[in-house]
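One structure is given below, encoded as structure tokens.
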């Protein structure tokens, strides 16, 4: 027997078995309806997340690293003076890169290392009310590299619970409408599957020292939306 013949026989047996099951009044195939409901909950964020650091250059890697370390110590000291706890500060990037001569256009030249650049950044999380003052203090202390800022909710669980409840209600409303339109009614729930999402929103991209020199940094938190979705399967009557 070839593989193709065996496959045809197996498929024929499957469909015959299914037809027999459907025709057997003792084993009726249940009618089901699956609906996905969506729910949301909104709140004002209470935390700001951003990165801050220093880029320093030197004739040698050691010199650049020493200059960067001095500047970063000033940045970290500023964060501590602003009351930012150690657990809210984490090194996110530390790199040492050689710098080369720039060749003139259409001119052949041999690349030569002219110095080194060291970049060191930390990720910081602070309360919304402290974000502006902390950013200003960091720039004043010598931070010349600032990353994108995003907002978050410290404890999103209550809002996610609210979003899930809203998603279940939405699923019920949709299912009842569909079942009624089909001349049927909802029976017992056969299964429930839940999913959700919460993504902080970035506010603005890289910011350098000059952008903060003129005035205190304004920070507008706006509103965060937490979402959830629930997929529910009912037996139809």
Which value in nm describes the separation of the simple spin-label points at residue 110 and residue 136, placed 7 Å from the Cα toward the beta carbon? 5.4 nm
Average projected area of the Cα convex hull of region 47-152, in nm²? 8.0 nm²
Per the 1/(1 + (r/R0)^6) rule, R0 = 41 Å and r from the Cβ atoms of residue 117 and residue 87, FRET efficiency to 0.05 is 0.85
Please work out how much length the chain gains when fully extended from residue 157 to residue 103, using 0.36 nm per residue of separation minus the C-alpha to C-alpha distance, in nm with one decimal. 13.8 nm
For region 29-68, the Rg and Dmax computed from alpha carbons only, in angstrom: 27.4, 79
Calculated FRET value between residue 96 and residue 44, using beta carbons and R₀ = 30 Å, to 0.05: 0.15
Please work out the FRET efficiency for the pair residue 61 and residue 223, using the Cβ-Cβ distance as r and a Förster radius of 45 Å; give the result to the nearest 0.05. 0.45
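Bear in mind these aren't lab numbers, they're just calculated from the coordinates by the rules spelled out. If you're wondering where the values come from, they're calculated on a predicted model, not measured in any experiment. Here the Cβ is made from the backbone with ideal geometry for all residues, glycine too, and neighbour counts use every protein chain on show.
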